[in-house]
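Q: Attaching a single structure in structure tokens format; questions to follow.
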Amino acid sequence: MSLEEDIGKYLIKNHLTISTAESCTGGLLSSKLTDVAGSSAYIKFNVVTYANEIKHSILKVSNETLNTKGAVSPECAKEMVLGLKELTNADICVATTGIAGPSGGSKDKPVGLCYISTLYKNNILIEKIILNSDIQRIKMKEEFAKMALLFIKKTLHL
């Protein structure tokens with residue numbers, strides 16, 4: 001059984017809903033979750049918030065966070081799931097933000113950096129992922145999405 005099938009089975013069994021806000025994964029996490037037959041029973045809302053202005057207007061990520069910490073930061077990841085929870089009231093909210101490359105990285109925030117955040121039962125967890133910067137962009141996004149699925153399983157204690 002795939003990661004997304006395991007998650008879906010658990011969500012259905014426990015009558016839970018999930019929502020996602022993606023940046024660096026560009027919708028791949030949503031795609032994986034919706035690949036499971038019957039996923040409409042638990043997926044509440046999925047959105048790709050690539051631009052900072054959309055992170056701010058839709059998810060209410062503060063301009064201060066975006067300007068001082070940046071979109072690729074644990075602070076932004078936290079605000080993304082908080083905004084998603086307010087918007088959807090899903091039982092579990094998940095956000096991804098990172099740098100898939102091949103350009104755009106820096107010494108402090110290299111290509112391959114991703115923050116994944118979850119909000120479940122009023123607990124926010126944030127995981128920092130750093131992948132090899134030589135990975136092709138599409139592979140990087142796929143790996144970020146896979147890591148997000150693993151983090152969802154960890155959050156749900158599966």
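Q: Could you check Glu79 against (1) closer than 25 Å to Glu4 by Cα; (2) touching a residue at least 12 places away in the same chain (Cβ under 8 Å); (3) surrounded by fewer than 20 Cβ atoms within 10 Å (Cβ to Cβ) and say which number it fails?
A: Answer for Glu79: the failing condition is (3).
Q: Right, something else. Does at least one position in segment 29-47 carry a residue that is more than 27 Å from Arg137 (Cβ to Cβ) and among the polar types (S, T, N, Q)?
A: First pass over segment 29-47, keeping only residues more than 27 Å from Arg137 (Cβ to Cβ): 37-38, 40-42, 44.
When the remaining residues are screened for being among the polar types (S, T, N, Q), the result is 40.
Looking through segment 29-47, at least one residue is more than 27 Å from Arg137 (Cβ to Cβ) and among the polar types (S, T, N, Q).
Q: Of all the residues that make up segment 90-142, how many are within 14 Å of Glu22 (Cβ to Cβ) and not aliphatic (A, V, I, L, M)?
A: 10
Q: Based on what the data block shows, is Gly101 buried (at least 19 other Cβ atoms within 10 Å of the Cβ), modelled with pLDDT under 95, under 19 Å from Ala148 (Cα atoms) and not hydrophobic (A, V, I, L, M, F, W, C)? It would help to see each step written out before you state the result.
A: Numbers: buried (at least 19 other Cβ atoms within 10 Å of the Cβ): yes; modelled with pLDDT under 95: yes; under 19 Å from Ala148 (Cα atoms): yes; not hydrophobic (A, V, I, L, M, F, W, C): yes.
When the stated conditions are applied, Gly101 passes them.
Q: Could you list, in sequence order, the residues of segment 114-150 that are small (Gly, Ala, Ser) and crowded, with 20+ Cβ neighbours inside 10 Å?
A: Ser117, Ala145, Ala148 - these are the residues of segment 114-150 that are small (Gly, Ala, Ser) and crowded, with 20+ Cβ neighbours inside 10 Å.
Q: Then there's this: Of the numbered conditions (1) closer than 29 Å to Asp6 by Cβ; (2) of a type outside the set (Asp, Glu); (3) touching a Cys at 6+ places or on another chain (Cβ under 9 Å), Gln136 fails exactly one; give the number of that condition.
A: Unmet for Gln136, out of (1) closer than 29 Å to Asp6 by Cβ; (2) of a type outside the set (Asp, Glu); (3) touching a Cys at 6+ places or on another chain (Cβ under 9 Å): (3).
Q: Which of (1) buried (at least 19 other Cβ atoms within 10 Å of the Cβ); (2) within 18 Å of Leu29 (Cα to Cα); (3) touching a Gly at 6+ places or on another chain (Cβ under 6 Å) does Val94 not meet, given it meets every other one?
A: (3)
Q: Can you find even one residue in segment 14-30 that is of a type in the set (D, E, K, R) and either free of Cβ contacts under 8 Å to residues at least 60 places away in the same chain or touching a Cys at 6+ places or on another chain (Cβ under 8 Å) (or both)? Even if it seems obvious, please write down each step before you answer.
A: Narrowing segment 14-30 to residues of a type in the set (D, E, K, R): 22.
Now drop any that are not either free of Cβ contacts under 8 Å to residues at least 60 places away in the same chain or touching a Cys at 6+ places or on another chain (Cβ under 8 Å) (or both), which leaves none.
No, the conditions are met nowhere in segment 14-30.
Q: With the requirement that a residue be of a type in the set (D, E, K, R) and over 14 Å from Gly98 (Cβ atoms), what does segment 1-58 give you?
A: In the first step, residues of segment 1-58 are kept if they are of a type in the set (D, E, K, R); the result is 4-6, 9, 13, 22, 32, 35, 44, 53, 55.
Within segment 1-58, Glu4, Glu5, Asp6, Lys9, Lys13, Lys32, Asp35, Lys44, Glu53 qualify.
Q: Ok, one more. What tally of residues in segment 9-65 results from selecting those that are buried (at least 20 other Cβ atoms within 10 Å of the Cβ), among the hydrophobic types (A, V, I, L, M, F, W, C), within 17 Å of Ile152 (Cβ to Cβ) and touching an Asp or Glu at 6+ places or on another chain (Cβ under 6 Å)?
A: 3
The values are calculated or read from the model by the stated rules, or taken from the named source; none is laboratory data. Computed from a predicted structure; not experimentally measured. Don't worry about glycine lacking a Cβ; one is built from the backbone with ideal geometry, like all the others, and counts go over all protein chains shown.
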